[in-house]
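Engineer: Please find one structure pasted underneath; my questions will follow.
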Amino acid sequence: MRVDPIQARPGAESATANEALAPSRFTWNSRDGLRLSGVDRRPTVIDHTKLPILCLPGLSRNTRDFNSVAEFLQELGHRVIVLDYRGRGQSDWDPEWQNYNLAIEGQDIDDAVDDLGLDRFAILGTSRGGLHAMAMSQRYDTGRIAAVVLNDIGPHVEMRAIHRLAATIGRSMRHADMPALARDLAHGLGTQFPTMTEADWLRFAGQLGSERDGGIVLDYDPALSHQLASFDDGTPWPDLWPLFDGLKETPLLIVHGALSDLLTAETCAEMRRRHGSAELVTVKDQGHAPLLWDRATQQAIAEFFRKSAPVS
């Protein structure tokens with residue numbers, strides 16, 4: 001591990017100038033030898049009452065997906081860690097695409113948590129990251145995961161969304177420039193995000209692609225497409241409600257895109273019924289998954305983490 005964990009001490013203490021706000025890139029090694037990468041945002045003031053937050057991205061996403069909300073939470077005093085799964089962002093690609101699965105990725109996440117020295121922490125999981133949060137509730141002692149935010153994901157997903165993702169993941173990987181990628185995103189996702197401007201789509205493109213070999217390339221291994229190829233009209237979504245039930249003792253916030261084709265209002269209602277105390281924030285004019293750029297959603301997430309913090 002290239003970054004040492006912050007050692008929390010009683011009260012609040014100023015961090016050094018080198019630690020102030022600038023995110024640090026760190027690496028750790030997977031059990032099968034891949035070099036994996038993440039970003040560590042440390043606060044300017046170290047306050048043991050503020051939960052460290054582990055951010056887990058969606059299937060084909062990377063650490064840049066959380067830049068806006070992570071910076072906001074960091075400024076409030078949280079340490080925010082974001083991981084690139086294997087095959088995404090700055091992590092190594094796996095020569096065996098079969099390893100792009102929740103179990104192997106879960107081992108990678110657990111190793112990062114241990115290497116970073118995270119004791120009690122919260123999770124903000126977008127889409128696939130939320131599935132990882134549910135699975136982690138089965139592996140970690142009660143109370144170690146202090147709070148969970150599920151960003152547009154639940155134990156039941158709509159197959160039409162899986163089919164949409166299967167038709168796009170691993171395709172159109174290269175674009176001439178950022179505006180070209182932005183136009184492609186607007187064409188494919190315009191119904192999910194109808195109020196986004198040209199500048200918004202350019203910003204979104206910058207989260208997903210980077211310059212390489214004279215063009216813009218999406219920052220993930222196209223072999224990820226194999227993970228969705230097995231789902232067809234005859235393949236039911238696995239029953240993940242028992243996995244979700246592992247969160248019953250954990251404070252939970254559900255962020256739901258009002259226009260999401262993956263998570264329905266009905267599933268959100270059932271999640272709240274089964275959990276008992278889960279909170280819900282619905283983001284208008286956004287689908288799967290809410291971008292977490294708007295201040296209202298960021299503030300709702302921050303307030304939820306504040307209420308879930310350990311007593312000083």
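The values are calculated or read from the model by the stated rules, or taken from the named source; none is laboratory data. Worth saying up front: this structure is predicted, and the values here are computed from it rather than measured. Every residue, glycine as well, gets a Cβ built from its backbone with ideal geometry; the counts of neighbours run over all protein chains shown.
Engineer: Just one of (1) within 18 Å of I123 (Cβ to Cβ); (2) free of Cβ contacts under 8 Å to residues at least 24 places away in the same chain trips up A278, so point out which.
Structural biologist: (2)
Engineer: Hey, G129 hits all of (1) touching an Asp or Glu at 6+ places or on another chain (Cβ under 8 Å); (2) part of a helix (DSSP H, G or I); (3) not hydrophobic (A, V, I, L, M, F, W, C) but one; which does it fall short on?
Structural biologist: It is condition (1) that G129 fails.
Engineer: Follow-up question, since we're still on this one. Only one of (1) surrounded by 14 or more Cβ atoms within 10 Å (Cβ to Cβ); (2) among the small types (G, A, S); (3) under 22 Å from R164 (Cβ atoms); (4) within 19 Å of the chain's Cα centre (by Cα) fails for A258. Which number is that?
Structural biologist: (1)
Engineer: Ok, one more. Return yes when A182 is surrounded by 15 or more Cβ atoms within 10 Å (Cβ to Cβ) and over 19 Å from S260 (Cα atoms) and no when it is not. Even if it seems obvious, please write down each step before you answer.
Structural biologist: On the way: surrounded by 15 or more Cβ atoms within 10 Å (Cβ to Cβ): yes; over 19 Å from S260 (Cα atoms): yes.
Criteria met by A182.
Listed here are the residues, each with its yes/no results for (1) among the aliphatic types (A, V, I, L, M); (2) free of Cβ contacts under 8 Å to residues at least 40 places away in the same chain; (3) buried (at least 20 other Cβ atoms within 10 Å of the Cβ).
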residue: D213; (1), (2), (3): no, yes, no
residue: D219; (1), (2), (3): no, no, yes
residue: H226; (1), (2), (3): no, no, no
residue: A229; (1), (2), (3): yes, no, no
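Engineer: Say we look at segment 37-53 and pick out the residues that are of a type in the set (A, V, I, L, M) and touching a helix residue (DSSP H, G or I) at 6+ places or on another chain (Cβ under 7 Å); which of these is modelled with the lowest pLDDT?
Structural biologist: L51
Engineer: Being aromatic (F, W, Y), modelled with pLDDT under 95 and exposed (fewer than 15 other Cβ atoms within 10 Å of the Cβ) narrows it down to one residue among W241, W237; which is it?
Structural biologist: Result: W237 is the single residue among W241, W237 that is aromatic (F, W, Y), modelled with pLDDT under 95 and exposed (fewer than 15 other Cβ atoms within 10 Å of the Cβ).
Engineer: I'm trying to understand the selection: among the residues of segment 82-109, which are polar (S, T, N, Q) and within 18 Å of M173 (Cα to Cα)?
Structural biologist: Taking segment 82-109 first, the residues polar (S, T, N, Q) are 90-91, 98-99, 101, 107.
Q90, S91 - these are the residues of segment 82-109 that are polar (S, T, N, Q) and within 18 Å of M173 (Cα to Cα).
Engineer: Do we find a residue being farther than 23 Å from I162 by Cβ, part of a helix (DSSP H, G or I) and either at pLDDT below 95 or in contact with a helix residue (DSSP H, G or I) (Cβ under 9 Å, 6 or more places away or on another chain) (or both) anywhere in segment 212-234? Please lay out each step first, then the result.
Structural biologist: As a first pass, look at segment 212-234 and keep what is farther than 23 Å from I162 by Cβ: 212-217.
Next, only the ones that are part of a helix (DSSP H, G or I) stay: none.
No, segment 212-234 contains no residue that is farther than 23 Å from I162 by Cβ, part of a helix (DSSP H, G or I) and either at pLDDT below 95 or in contact with a helix residue (DSSP H, G or I) (Cβ under 9 Å, 6 or more places away or on another chain) (or both).
Engineer: Looking at segment 139-154, which of its residues are over 19 Å from S308 (Cβ atoms) and surrounded by fewer than 23 Cβ atoms within 10 Å (Cβ to Cβ)?
Structural biologist: R139, G154
Engineer: Another question, then. Can you tell me how many residues in segment 41-83 are assigned to a helix (DSSP H, G or I), touching a Lys or Arg at 6+ places or on another chain (Cβ under 6 Å) and surrounded by fewer than 24 Cβ atoms within 10 Å (Cβ to Cβ)?
Structural biologist: So in segment 41-83, the residues assigned to a helix (DSSP H, G or I) come out as 63-75.
Now drop any that are not touching a Lys or Arg at 6+ places or on another chain (Cβ under 6 Å), which leaves 70, 74.
Restricting the remaining residues to those that are surrounded by fewer than 24 Cβ atoms within 10 Å (Cβ to Cβ) gives 74.
Number of matching residues: 1.
Engineer: Of the residues that make up segment 224-241, is at least one more than 21 Å from Y100 (Cα to Cα), within 21 Å of the chain's Cα centre (by Cα) and not aliphatic (A, V, I, L, M)?
Structural biologist: Step one: filter segment 224-241 for residues more than 21 Å from Y100 (Cα to Cα), giving 233-234, 241.
From the residues that got through so far, the ones that are within 21 Å of the chain's Cα centre (by Cα) too are 241.
When the remaining residues are screened for being not aliphatic (A, V, I, L, M), the result is 241.
Scanning segment 224-241, I find at least one residue that is more than 21 Å from Y100 (Cα to Cα), within 21 Å of the chain's Cα centre (by Cα) and not aliphatic (A, V, I, L, M), so the answer is yes.
Engineer: Answer yes or no: is there a residue in segment 283-295 that is surrounded by fewer than 14 Cβ atoms within 10 Å (Cβ to Cβ), assigned to a loop (DSSP other than H, G, I, E, B) and at pLDDT below 95.
Structural biologist: no
Engineer: Also, I was wondering about something else. Quick one: is S91 modelled with pLDDT of 95 or more, of a type in the set (S, T, Y) and part of a helix (DSSP H, G or I)? Spell out the reasoning first.
Structural biologist: Details: modelled with pLDDT of 95 or more: yes; of a type in the set (S, T, Y): yes; part of a helix (DSSP H, G or I): no.
So S91 fails the test.
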